[in-house]
Amino acid sequence: MTLLVFIPLLLAFARAHPGEKLVLWKSDVANAFRLVPIHPLWQIKQIVTSGMPTKDEVKKNLWNFDQLRRYVDWCACFSNCGSPRAWASVMGLVIWIAIFVYNILLLCCYVDDCYSVSLANDLDFYEPYSCRMPREQVILLRLWDHLGIPHKAPKQLWGTPLAVIGFLVDPNALTATMPLDSKTDLINHAREFAASRRRTLHEWQQLTGWMNWSFNVFPLLRPSLSNVYSKMSGKLQPSALIYINKAVRTELEWFANHVEISSGVFSLQPSIGICSPNPTLPSIATSIEWSTSSPLLAGHSVENPMRLTIHSDNMNTVNVFSSLSAQPEYNPILMAAVDLLIRHNIDLRVVHIPGDDNTTADSLSRFNLDSVKKNHPSIKIQHFKPPGHQQGVSKNDPPEQQG
């Protein structure tokens with residue numbers, strides 16, 4: 001479970017306890033994968049041999065065959081790609097018991113790390129560690145003791161701020177921040193990757209995994225992987241070299257630049273109507289793509305909003321900004337919109353509205369301003385002209401070099 005799932009739970013808890021100090025707590029299972037037994041037929045693949053001689057011992061005839069020992073590993077190991085799935089099936093049941101039987105309602109879990117939020121004064125004494133801890137954390141540890149799940153005292157943490165799946169989360173300031181060393185390493189790696197000519201598919205996959213992890217605190221930067229995924233599409237050989245083209249370099253530099261100046265993720269409305277004349281679009285764009293970009297590119301004309309909701313009957317618009325994902329041809333439009341959201345600190349939500357109910361937007365799109373004013377006397381209508389470079393890809397742009 002990612003921070004993007006936990007943060008709404010944290011916000012709801014904070015709203016339910018205004019003015020009270022909150023703490024986070026985190027409990028870690030010891031040797032998680034090693035607790036899962038595997039099928040006997042798979043154990044054959046996990047036979048470990050010890051007492052093997054060195055080359056010198058063989059040459060000098062100093063080795064005795066009786067020294068050879070073979071051990072069968074009965075449990076899931078850390079190098080097996082199936083171990084996380086096997087562990088998830090076990091831990092999923094444990095978490096279900098904790099939530100629905102022991103009533104730890106806000107419990108979240110990432111692999112073997114369980115974490116939640118609690119009131120700072122809601123503590124209980126845990127006898128095995130001879131210390132006071134958040135009450136729900138004590139309940140969870142007692143459940144683990146009952147089930148025979150091992151844990152160690154140094155991994156049972158609580159306080160504020162607290163590192164949760166690699167991020168520093170402050171439940172009172174309501175912020176989640178990537179540690180400075182992790183942030184610096186990610187920026188340097190993205191720029192080194194962008195500056196190289198070719199990388200193996202395995203290295204591309206490592207990069208996407210690292211960047212996807214960072215989207216827990218930088219969710220608006222998801223467009224930076226559009227061309228990366230496009231280049232990886234259809235590739236199967238981990239060692240295959242993939243050319244890094246200009247589009248990938250641009251997106252990775254865009255990502256690194258934003259991460260460099262960002263501090264983390266913060267949790268964050270008069271009626272305003274916005275209308276624009278239809279531009280002459282380049283051949284690569286269509287009216288659908290324009291309808292996706294135009295409301296957001298108008299964001300800079302709104303008088304410093306903190307929260308902006310766009311009701312649209314265009315599902316393409318809703319889907320693009322719900323997923324922050326667009327086809328590579330249109331990704332520059334989405335990146336430009338994200339630049340505006342970050343620059344003006346706008347929390348955007350794009351909500352679908354049935355076309356029959358979207359009369360105000362239809363009137364604005366047709367410049368039927370009298371009808372809009374009649375139905376909404378208090379509405380404030382602003383005109384804007386979209387920047388030319390954000391209207392799509394020019395016909396004169398050079399073709400992208402392919403790898």
>> When the residues of the range 1-39 are narrowed to those that are within 20 Å of the chain's Cα centre (by Cα) and part of a loop (DSSP other than H, G, I, E, B), which ends up modelled with the highest pLDDT?
In response: 2
> Any idea which of (1) at negative phi; (2) over 24 Å from the mean Cα position of the chain (by Cα) is the one residue 148 doesn't satisfy?
Replying inline: (1)
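Restricting to the range 224-246, name every residue that is under 19 Å from residue 188 (Cα atoms) and not in a loop (DSSP other than H, G, I, E, B). So that I can check it myself, show each step before the final result.
In the first step, residues of the range 224-246 are kept if they are under 19 Å from residue 188 (Cα atoms); the result is 224-225, 228, 244-246.
Those that are under 19 Å from residue 188 (Cα atoms) and not in a loop (DSSP other than H, G, I, E, B): 224, 225, 228, 246.
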>> Any residue that is surrounded by fewer than 16 Cβ atoms within 10 Å (Cβ to Cβ), in contact with a strand residue (DSSP E or B) (Cβ under 9 Å, 6 or more places away or on another chain), under 30 Å from residue 110 (Cα atoms) and among the hydrophobic types (A, V, I, L, M, F, W, C) - is there at least one of those in the range 20-41?
In response: yes
> Is at least one residue of the range 54-75 touching a strand residue (DSSP E or B) at 6+ places or on another chain (Cβ under 7 Å) and closer than 29 Å to residue 219 by Cβ?
Replying inline: no
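Which is surrounded by 14 or more Cβ atoms within 10 Å (Cβ to Cβ) and hydroxyl-bearing (Ser, Thr, Tyr), of 89, 83, 79? Don't jump to the end; show me each part of the working.
Numbers: 89 fails: surrounded by 14 or more Cβ atoms within 10 Å (Cβ to Cβ); 79 fails: surrounded by 14 or more Cβ atoms within 10 Å (Cβ to Cβ).
Among 89, 83, 79, only 83 is surrounded by 14 or more Cβ atoms within 10 Å (Cβ to Cβ) and hydroxyl-bearing (Ser, Thr, Tyr).
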> From the residues in the range 203-216 that are touching a helix residue (DSSP H, G or I) at 6+ places or on another chain (Cβ under 7 Å) and of a type outside the set (Gly, Ala, Ser), which one is modelled with the lowest pLDDT?
Replying inline: 216
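Could you run through the range 323-364 and say how many residues are assigned to a helix (DSSP H, G or I), polar (S, T, N, Q) and within 23 Å of residue 247 (Cα to Cα)? Let's see the steps before the verdict.
Step one: list which residues in the range 323-364 are assigned to a helix (DSSP H, G or I), which gives 323, 331-343, 355-357, 359-364.
With polar (S, T, N, Q) added as a condition, the list becomes 323, 331, 359-360, 363.
Now restrict to residues that are within 23 Å of residue 247 (Cα to Cα): 323, 331.
Residues meeting the conditions: 2.
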>> For the structure I just gave you, tell me whether residue 214 is over 18 Å from residue 26 (Cα atoms), buried (at least 18 other Cβ atoms within 10 Å of the Cβ) and not assigned by TED's automatic domain parsing to the domain that holds residue 115.
In response: yes
> In the range 255-277, what residues are at pLDDT 60 or above and farther than 21 Å from residue 4 by Cβ?
Replying inline: 256, 257, 260, 261
>> Going residue by residue through the range 57-66, is there one that turns out to be assigned to a helix (DSSP H, G or I) and assigned by TED's automatic domain parsing to the domain that holds residue 22?
In response: no
>> Checking the condition surrounded by fewer than 17 Cβ atoms within 10 Å (Cβ to Cβ), in contact with a helix residue (DSSP H, G or I) (Cβ under 7 Å, 6 or more places away or on another chain) and under 22 Å from residue 216 (Cα atoms), which residue from 346, 342 passes?
In response: 342
>> So, residue 291, is that one at pLDDT below 85 and at negative phi or not?
In response: yes
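So, in the range 164-209, of the ones that are assigned to a strand (DSSP E or B) and under 16 Å from the mean Cα position of the chain (by Cα), which residue ends up surrounded by the most Cβ atoms within 10 Å (Cβ to Cβ)? Before the answer, list the steps.
Step one: filter the range 164-209 for residues assigned to a strand (DSSP E or B), giving 164, 167-170, 175-177, 198-200.
Retained after the next criterion (residues that are under 16 Å from the mean Cα position of the chain (by Cα)): 164, 167-169, 175-177.
On the way: 164: 23, 167: 22, 168: 18, 169: 27, 175: 18, 176: 24, 177: 19.
Per the stated criteria, the residue is 169.
Regarding residue 80, is this residue closer than 29 Å to residue 141 by Cβ, in the same structural domain as residue 137 (by TED's automatic domain parsing) and assigned to a loop (DSSP other than H, G, I, E, B)?
Values: closer than 29 Å to residue 141 by Cβ: yes; in the same structural domain as residue 137 (by TED's automatic domain parsing): no; assigned to a loop (DSSP other than H, G, I, E, B): yes.
Considered against the rule, which asks whether it is closer than 29 Å to residue 141 by Cβ, in the same structural domain as residue 137 (by TED's automatic domain parsing) and assigned to a loop (DSSP other than H, G, I, E, B), residue 80 comes out as no.
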> residue 126 fails exactly one of the following numbered conditions: (1) at pLDDT below 95; (2) closer than 21 Å to residue 148 by Cα. What is the number of that condition?
Replying inline: (1)
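Scan 94, 117 and give me the residue that is in a helix (DSSP H, G or I) and either among the β-branched types (Val, Ile, Thr) or in contact with a Phe, Trp or Tyr (Cβ under 6 Å, 6 or more places away or on another chain) (or both). Break it down into steps so the answer makes sense when it comes.
Values: 117 fails: in a helix (DSSP H, G or I).
Sole residue among the options that is in a helix (DSSP H, G or I) and either among the β-branched types (Val, Ile, Thr) or in contact with a Phe, Trp or Tyr (Cβ under 6 Å, 6 or more places away or on another chain) (or both): 94.
The values are calculated or read from the model by the stated rules, or taken from the named source; none is laboratory data. Predicted, not measured: the structure shown is a model, and the values here were computed from it. Backbone-built Cβ (ideal geometry, glycine too); neighbour counts: all protein chains shown.
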